[in-house]
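Peer 1: Below is a structure I'd like to ask you about.
The values are calculated or read from the model by the stated rules, or taken from the named source; none is laboratory data. Model, not experiment: these values are computed from the prediction. FYI the Cβ positions are ideal-geometry reconstructions off the backbone, even for glycines, and counts take in every protein chain you see.
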Amino acid sequence: MTTIGIVGAGAWGTALAQVAAAAGNNTRLWGRDQELIDTMIQAGQNVRYLPDVPLLPEIAPTALMTDLADCDLLVIVVPAQATRAILAALRPVIRNNAALLLAAKGVEQKTLALMSEVAAQELPGHSCAVLSGPTFAGEVARGLPTAVTLASATLTRAEALAAQLGTRSFRPYASDDPIGAEIGGAVKNVLAIACGIVEGLGLGENARSALITRGLAEVTRLAVAKGGRPATLMGLSGLGDITLSCTSRQSRNFSLGYCVASGESRSSLLTEGYYSAPAVLGLAKSLNVEMPICEAVHAVLHEGAALAPQIERLLSRPLRNE
């Protein structure tokens, strides 16, 4: 039996622990909050993040990082901006031949690095893959049908991990384009904020549809400039993830945009998209890629720009061929 360590005990980490256990793996679920872990052990569920979803008995919650020392695979499910610190902390613990699967969606603010680039710097020599796609943690944890992209530099490795984690309801599709998958996951968070703003302002479904379509063009340009393939962005980690996150208030990024537009409090909704927006824009500029929607979101969130001028700027852009 393979031993898998899930690093991060939030909603998504807990959902992936359910997946790993359901696929027949011995599963450790690590979180830094001892109180949360104790409650999970006592209650048999993650009452803080995924209440009313019983943990499978194969899952062992722990707050001790040393309990991950014998894991064959570590799935990193902490926020993107915390990934480097967690990987560094794992350095004295991780087995030499242990593999990494990165499930955070974002670009590091300080370095403009993708999560796979952060992993290569902090844990060189370890096989690394990326998990991305349209997922709401609660649905995954309850075993509802879900399809995702599992990408590695080698298709053989991606297929092996997909077989290791796949279940009847959780369907990983293997890819050998991790860059495309990562860019899709990171940028869709920013686009979801934009769609939430459209919803909050009552601009209509036509506007949201146009924004999704032009946003897909933006993310594809960035992925190609970074070395990814356009076809990847037409799949689960691109169009699929964008469609889910840009059309539902279950998406925290969408909800953040809605709150920005409607004047509701957003203090509890500082999301991956919020933190990644400056990094996505910085990466785009470094690669000379034009991303007007992401630029507008960044201006509103981080530069105090008013919504009306940003919308007018987008609407007044020159007409062009599609």
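Peer 1: R208: of a type in the set (K, R) and either over 18 Å from F254 (Cα atoms) or under 15 Å from the mean Cα position of the chain (by Cα) (or both), yes or no?
Peer 2: Values: of a type in the set (K, R): yes; either over 18 Å from F254 (Cα atoms) or under 15 Å from the mean Cα position of the chain (by Cα) (or both): no.
No: the conditions fail for R208.
Peer 1: While we're on this one: If a residue must be of a type outside the set (S, T, N, Q), over 14 Å from G185 (Cβ atoms) and in contact (Cβ under 8 Å) with a residue 60 or more places away in the chain, how many such residues does the stretch 104-127 contain?
Peer 2: 1
Peer 1: Moving to a separate point now. Note down all Cβ pairs under 9 Å where the first residue falls in the stretch 273-284 and is touching a residue at least 12 places away in the same chain (Cβ under 8 Å), the second is acidic (D, E), and they're at least six residues apart or on different chains.
Peer 2: S276/E108; A279/E108; L281/E295; A284/E218; A284/E290; A284/E295
Peer 1: Assuming M1 fulfils every condition listed in (1) at pLDDT 95 or above; (2) touching a Gly at 6+ places or on another chain (Cβ under 8 Å); (3) not aromatic (F, W, Y) apart from one, which condition is it?
Peer 2: All conditions are met except number (1).
Peer 1: May I ask you to list the residues in the stretch 266-286 that are assigned to a loop (DSSP other than H, G, I, E, B), over 17 Å from the mean Cα position of the chain (by Cα) and surrounded by 14 or more Cβ atoms within 10 Å (Cβ to Cβ)? Please lay out each step first, then the result.
Peer 2: As a first pass, look at the stretch 266-286 and keep what is assigned to a loop (DSSP other than H, G, I, E, B): 266-271.
Next cut, over 17 Å from the mean Cα position of the chain (by Cα) only: 266-268.
Within the stretch 266-286, just R266 meets the criteria.
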